1. Work out, step by step, the length gained on full extension between residue 2 and residue 83: first 0.36 nm times the residue separation, then minus their alpha carbon distance; give nm to one decimal.
2. How do 176-189, 18-31 rank on mean C-beta neighbours within 10 Å, highest first?
3. Mean-square fluctuation check for the chain, GNM, Cα pairs under 10 Å: which of 226, 235, 100 is largest?
4. Using the alpha-carbon centroid of each, what span in Å lies between the stretch 230-268 and the stretch 288-330?
5. If the chain between residue 313 and residue 286 were fully stretched, how many nm would it gain, using 0.36 nm times the residue separation less the Cα-Cα distance?
6. Find how many whole Å separate the alpha carbon centroid of the stretch 159-190 from the alpha carbon centroid of the stretch 87-124.
7. Which percentage, to the nearest 5, of the DSSP beta bridges contained in the stretch 196-330 is antiparallel?
8. Considering Cα pairs under 8 angstrom that are at least six residues apart, work out the relative contact order of the stretch 42-167 and quote it in whole percent.
Ligand code: 5GP
Ligand code: MN
């Protein structure tokens, strides 16, 4: 196992791994976001150009704002009981742990722990379980890191590839607003615009195509937002999801709305799941580190954006999480 943080240093080892492979499976995390799908598709574009047979496999359906991306129609969505295609290399992007690929991992532990794996990621909680790992927690998105890697590998970035990379940079930085955003994030994005990335389409799909059902869900969740000084929280129940017909991606919008409220320094959204568990989404401002808190429940993420799944109802999860969050913030 080798862990690189610098794409320039990682490029030869990664190129070597890819050259040894013929059929490559690309994976990313469950409930994928723009960075997950942007990364998955970027790697797909590059490996195709390198003459590989490539299978991009998502662990759950794509968020609506990514389905138009060049190559998105090639992505297969995993279903329970599916067999893994015969491959000789796995590339896993934007995914902090093997377990975060969800059912694909649960149902194929053996294959995934014996095949060579290349990991490219920016989560601070990534342990680098791959054969070759490029993990840079200073990168604001995996797409930013991939762009630097592709440049170091001497790969020509065409407009379609540039658009996929820009998707991840745009969503993970929330258009250059997160504390993880750096001058490099902006430089990489500027390079991508020069290379023909369709920035107007990315912005339109991400910010100006909110499904009406998402708007309704935001309304319901915010109506019951709770506050305790610098902490805000909200619940998204199965009943709300059913009532509004909203997709999972709508929950991200609830999170984003809470982040905008004046005086909020840390927040948590409790999402009730079908299987009786509760997914928590944590956000904070510097220097409050919610990644550490999330690992307490077996989750992870970034210092200012993290998540975990708790094996209990949202109500119980509130009792469990809020005191610890209060302790962290106060
Ligand atoms: P979100 O709250 O948007 O689902 O996740 C915020 C960040 O934390 C993302 O970078 C996501 O990948 C990470 N994250 C969310 N849930 C989990 C989890 O259960 N385990 C780990 N390791 N990371 C998570
Ligand atoms: Mn990411």
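Since every read-out is calculated from the coordinates, none of them should be taken as a lab result. Because the structure is predicted, anything quoted here is derived from the model rather than measured. Every residue, glycine among them, receives a Cβ derived from its backbone with ideal geometry; neighbour counts consider all protein chains shown.
1. Computed gain between residue 2 and residue 83 is 26.3 nm.
2. Per-residue Cβ counts within 10 Å, averaged per peptide and sorted highest first, yield 18-31, 176-189.
3. The residue with the greatest mean-square fluctuation here is 226.
4. 15 Å
5. 6.8 nm
6. 24 Å
7. Working: 19 of 25 bridges.
Taking every DSSP beta bridge with both residues in the stretch 196-330, the antiparallel ones total about 75 percent.
8. Numbers: 150 pairs, mean separation 27.5, N = 126.
That works out to 22 percent.
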